[in-house]
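Encoded as structure tokens, the structure appears first; notes follow it.
The values are calculated or read from the model by the stated rules, or taken from the named source; none is laboratory data. Bear in mind the structure is a predicted one, so any value in this text is a computation, not a measurement. All Cβ positions, even for glycine, are placed from backbone atoms using ideal geometry, and neighbour counts span all protein chains on display.
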Amino acid sequence: MANFAFEGRWPLDKTSMRPGLATSALVVLSLLLLPIGAASAASGDALPHSPLSPEAKASLQLSGKPAGGTADHSRFEILQQDFKSGPEVTKACLSCHTEAADQVQHTLHWKWQTTNEATGQTLGKRTVINAFCGNVASNEPRCTSCHAGYGWEDMRKDPPSEPEAVDCLVCHADTALYSKYPTKAGHPLYEPITVNGKTEMPPDLGKAARSVTNPQRQNCGSCHYYGGGGDGVKHGDLDSSLNQPDKTLDVHMNKDGLNMACTACHAGSGHQWPGSRYSMEAKPTTVARDGEETKTAKIRKLDQLASLMEPSATCESCHSNRPHDGSDLMGIKLNDHTDTVACQTCHIPEFARGGVATKTLWDWSTAGKLKDGKPYKDMDEHGHPSYMSEKGNFEYGENIKPFYAWFNGETTWTLLDDKIDPTKVVEINALGGSPSDGKSRIWPFKQMLSRQPYDMETNQLVYNHVFGKDDTALWTNFDWSKSVPAAMDFIGKDFSGKLGFVDTHMYWPITHMVAPKDQAVRCTECHAKQGRLDGITGIYMPGRDTFKWLDWIGYAAFGLTVLGVLFHALLRIIFRNRKKQA
Amino acid sequence: MTDMTSASSPATGKAESSKAKTFHRKVKNYSRYERFWHWSQAILIFTLAFSGFTVHGTIRFIPFATAVMIHDIAAFVLIFLWLFTAFWTFTTGQWRHFVPTNAGLWDVIMHYLVGMMRGQPHPYKRTLSRKQNPLQSFAYFSIMTVVGPLLWLSGLAYMFYSFWEGNSGNNDIFSLVVLLHLIGAFLMVAFVIGHIYMVTTGKTLIHYTKAMITGFEDMELTEAEVTYLETHEPDRIK
């Protein structure tokens, strides 16, 4: 028996000896190469992320996985070449990381499409309409500059299927050495380009390939900070200020503190990680798949790593659902909130706090105006555009108090085929949840106000063709009567020709920019009349709510008692002499 | 020191003319613990009302969080005081003073409404075994059996709502708990106002207050009572 078990673990037959031999050969080879590598490091060639440089090691952000240490990509022979294109680099990566492309191609980052199990809707960038630029289809090379691959030029087709189309560098390379070009469907520059007199040089792909490591905030941020067309425009809680945040901006990402990378919380495996806002955990579970309660955050983390529990990017994953000091009366009171209030509601008092403004209003209906036949731009007092001929009117804001609502994690989207009521504000992603379903909590959101194009005949939202050097794109021709029909034609949908504009709301859950605890929302800011949670219904909140007429009966009883006492006292004073007579 | 006046019947407490001799003496009616209990309870009730109506949003002199902390701590102290006093009341036999009685209740009410204005003497003469008039007994008994439990029970449910409400999102029951607590609070406030006013209706405005501070009070005693106290409880009589 023992022999069998031994064989099972260490097969000693000749065929399985081969990898062992190969490994030994590699070890010898790397030992031979070591002095060369060390020499090149000493001469200052060590790349910023190379584990050879102790400063770099210290500056690496805390990731979901510890940064290897056993492999220095700057010394990989296959990466010592003059790569001509992104896919060439990917091919080199895949020669070792054999499963990586397949993994990536099964994720939302690749497919831009997901089915929401709760609502049955097909969501993802490929189909949804948002309150910013609107839609991807017909604007591909611009929008897919944020696709995790190369060359997705047509939303009507699936993303490219060849493994080399995956872009490894955008997530793993030093962002100082590599970036996708904004209009090349995910490719970086391969030739120098001159725009408005400024020449941009293509990245050195070899150098970029040798710089790879676990994704840093800058990597994720290269797309997620700039959604909606600019720094901080879309989310409000994600912008470039999070590259080097101090403690007051974000306690977790604090560059002088934990310095956590995005993947420290969005920690998964196989290039798949939790935290999509298409389906969120509004009230996270701490129960593992076997139904057992995970008692501590450490157990939870291990269970998630061992696939005994769904990976989760929630506060509760580490902090539990009783996060405040339970030996202290205030801590107990605060812990009593976790059933109804999301952590973020108190711990992110305001968003857009890092000095980068976020867009709060976008009125498309005014786009297309020209001055002397030319497009123009107005700026507000803070230097943000307030009008652009391409895009219409804007408002920006910083240090914004969130909008609060009951939220169960599900959103129902107004998609292209959904009917709208143009007399009302259209909810682009209506928030699910109620005070009594047991699944919802009060969450903070950025509420985006927009005015967007729709078909007045069919009462449906429409797609818009904004980008391209052709004769229909709005940003080139400033003509709505061409841009909307072109986009609708592109995806094969009918358009009546009657274009209207409808007011919309879109909701962005606020979950980053967690403030230090002493800057959390004060009790009085919600437990008060006209407080932060004034619009929240379905729950009794001490300090905010009364029982209306029942309260008045109470106050009347108080008043009448006082009056009665005063009246009695008055009578006593009036008749005070009777006592002597008696 | 000893005055001879008309006597009262200890059995009913009603004023009657009798030929028995009575003595006016200062008697210690309120023991040290009783006075401690009374005044600490008074402070706690004021604290609870002040912080509680801050939490409710009626008044806003201190921050919400401070009010919650003060209210919770005061509530625990008062519950502890109550439990201990209940123990004391039963072990020392003091509970007898609180048993409500209808006998003479109407007379006392009529006295406060009419007789008092006419300068008539109080119809109830307090005795060693019965310190409180029927209206007082009725009021205190109601506070102890209705308003008090209503406040403490709803307050504990309010405080520990996360233990029973759990994840159910059952906000209606929580609202009901708050409502009951609030009703209790209003009743208690009304009682306190009435109580403080009634304190001024003694022989002088501060007669009762003084008694609750020093413990001593002028009482009419029979000769037997005086003899008993002087012999067995000399500390209780001056």
Scanning region B:216-234 for residues that are surrounded by fewer than 17 Cβ atoms within 10 Å (Cβ to Cβ) and touching a residue at least 40 places away in the same chain (Cβ under 8 Å), the one nearest to B:Lys26 (Cα to Cα) turns out to be B:Asp218
Scan region B:38-57 residue by residue and report those that are of a type in the set (Ser, Thr, Tyr) and either surrounded by fewer than 17 Cβ atoms within 10 Å (Cβ to Cβ) or more than 10 Å from chain A (Cβ to nearest Cβ) (or both).
-> B:Ser40, B:Thr47, B:Ser51
Quick check: is even one residue across region B:67-88 crowded, with 16+ Cβ neighbours inside 10 Å, touching a Lys or Arg at 6+ places or on another chain (Cβ under 8 Å) and more than 14 Å from every other protein chain (Cβ to nearest Cβ)?
-> no
Reported set for region B:1-22 where residues are under 19 Å from B:Asp218 (Cα atoms), at pLDDT 50 or above and of a type outside the set (Gly, Ala, Ser) is B:Lys21, B:Thr22
Per-region count, region B:120-144, residues within 14 Å of chain A (Cβ to nearest Cβ) and modelled with pLDDT under 75 | 1
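Test A:Ala557 against the criterion of being surrounded by fewer than 17 Cβ atoms within 10 Å (Cβ to Cβ), within 14 Å of chain B (Cβ to nearest Cβ), hydrophobic (A, V, I, L, M, F, W, C) and touching a helix residue (DSSP H, G or I) at 6+ places or on another chain (Cβ under 9 Å), and give yes or no.
Here the answer is yes, as A:Ala557 does meet what is asked.
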Kindly indicate whether any position in region A:130-138 is within 21 Å of A:Thr90 (Cβ to Cβ), part of a loop (DSSP other than H, G, I, E, B) and at pLDDT 95 or above.
-> no
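May I ask you to say which residue of A:Leu329, A:Leu361, A:Leu302 is surrounded by fewer than 16 Cβ atoms within 10 Å (Cβ to Cβ) and away from chain B (no Cβ under 14 Å)? First the steps, then the outcome.
Working: A:Leu329 fails: away from chain B (no Cβ under 14 Å); A:Leu361 fails: surrounded by fewer than 16 Cβ atoms within 10 Å (Cβ to Cβ).
Just a single option satisfies the conditions, and that option is A:Leu302.
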Would you mind stating whether B:Thr92 is surrounded by 17 or more Cβ atoms within 10 Å (Cβ to Cβ), over 17 Å from A:Leu329 (Cα atoms) and modelled with pLDDT of 75 or more?
-> no
If we take region B:111-218, then helices (runs of 4 or more DSSP H) inside it with 2 or more residues that are within 30 Å of A:Tyr540 (Cα to Cα) are B:148-159, B:161-165, B:171-199
Considering only residues that are within 14 Å of chain B (Cβ to nearest Cβ) and in contact with a Gly (Cβ under 6 Å, 6 or more places away or on another chain), look in region A:408-436 and name the one that is modelled with the lowest pLDDT.
-> A:Ser436
Quick one: how many residues across region A:554-579 are small (Gly, Ala, Ser) and either at positive phi or within 60 Å of the chain's Cα centre (by Cα) (or both)?
-> 4
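Mind telling me which of the residues B:Arg35, B:Arg25 ends up being modelled with pLDDT of 75 or more, more than 11 Å from chain A (Cβ to nearest Cβ) and within 17 Å of the chain's Cα centre (by Cα)? Before the answer, list the steps.
Working: B:Arg25 fails: within 17 Å of the chain's Cα centre (by Cα).
Just one listed residue meets the conditions, B:Arg35.
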Checking A:Cys133 against (1) on the phi < 0 side of the Ramachandran plot; (2) over 18 Å from the mean Cα position of the chain (by Cα); (3) surrounded by fewer than 23 Cβ atoms within 10 Å (Cβ to Cβ); (4) not polar (S, T, N, Q), which test does it fail?
-> (2)
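If we scan region B:184-201, do we find a residue that is on the phi > 0 side of the Ramachandran plot and more than 10 Å from chain A (Cβ to nearest Cβ)? Please lay out each step first, then the result.
Just the residues of region B:184-201 that are on the phi > 0 side of the Ramachandran plot, to begin with: none.
Within region B:184-201 (the criterion being on the phi > 0 side of the Ramachandran plot and more than 10 Å from chain A (Cβ to nearest Cβ)), the answer is no, since none of the residues qualifies.
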Per the filter on region B:184-204, residues at pLDDT 90 or above and among the aliphatic types (A, V, I, L, M) are B:Ala185, B:Leu187, B:Met188, B:Val189, B:Ala190, B:Val192, B:Ile193, B:Ile196
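Among the candidates A:Asp290, A:Asp336, single out the residue that is loosely packed, with under 14 Cβ neighbours inside 10 Å and farther than 23 Å from A:Met253 by Cβ. Please lay out each step first, then the result.
On the way: A:Asp336 fails: loosely packed, with under 14 Cβ neighbours inside 10 Å.
Checking each option against the conditions leaves just A:Asp290.
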Flag for A:Pro402 being within 30 Å of A:Asn464 (Cα to Cα) and either surrounded by 19 or more Cβ atoms within 10 Å (Cβ to Cβ) or charged (D, E, K, R) (or both) | yes
The listed residue being in contact with a helix residue (DSSP H, G or I) (Cβ under 6 Å, 6 or more places away or on another chain), among the basic types (Lys, Arg) and crowded, with 17+ Cβ neighbours inside 10 Å, out of A:Arg210, A:Arg142 = A:Arg210
Consider only pairs whose beta carbons are under 6 Å apart and that are at least six residues apart or on different chains; among these, list those whose first residue lies in region A:381-409 and is closer than 17 Å to A:Gly236 by Cα and whose second residue is aromatic (Phe, Trp, Tyr) and part of a strand (DSSP E or B).
-> A:His384/A:Tyr396; A:Pro385/A:Phe394; A:Phe394/A:Trp362; A:Ile400/A:Phe351; A:Pro402/A:Phe445; A:Phe403/A:Phe445
Selection over region B:97-149 where residues are touching a strand residue (DSSP E or B) at 6+ places or on another chain (Cβ under 9 Å), surrounded by 15 or more Cβ atoms within 10 Å (Cβ to Cβ) and of a type in the set (A, V, I, L, M, F, W, C) yields a count of 3
Filtered residues of region A:505-552 (kept if outside any loop (DSSP other than H, G, I, E, B), at the interface with chain B (Cβ under 8 Å from one of its Cβ atoms) and farther than 17 Å from A:His337 by Cα) | A:Leu550, A:Asp551
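I'm checking my understanding of the structure. Among residues of region A:331-374 that are hydroxyl-bearing (Ser, Thr, Tyr) and out of contact with any Pro (no Cβ under 9 Å at 6 or more places or on another chain), which one is nearest to A:Leu533 (Cα to Cα)?
Pass one, region A:331-374, residues hydroxyl-bearing (Ser, Thr, Tyr): A:338, A:340, A:345, A:358, A:360, A:365-366.
With the extra rule that they be out of contact with any Pro (no Cβ under 9 Å at 6 or more places or on another chain), the set shrinks to A:358, A:360, A:366.
Working: A:Thr358: 22, A:Thr360: 20, A:Thr366: 34 Å.
Among those residues, the one meeting the criterion is A:Thr360.
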Which of the following residues is in contact with a Gly (Cβ under 7 Å, 6 or more places away or on another chain) and among the aliphatic types (A, V, I, L, M): A:Ala261, A:Ala313?
-> A:Ala313
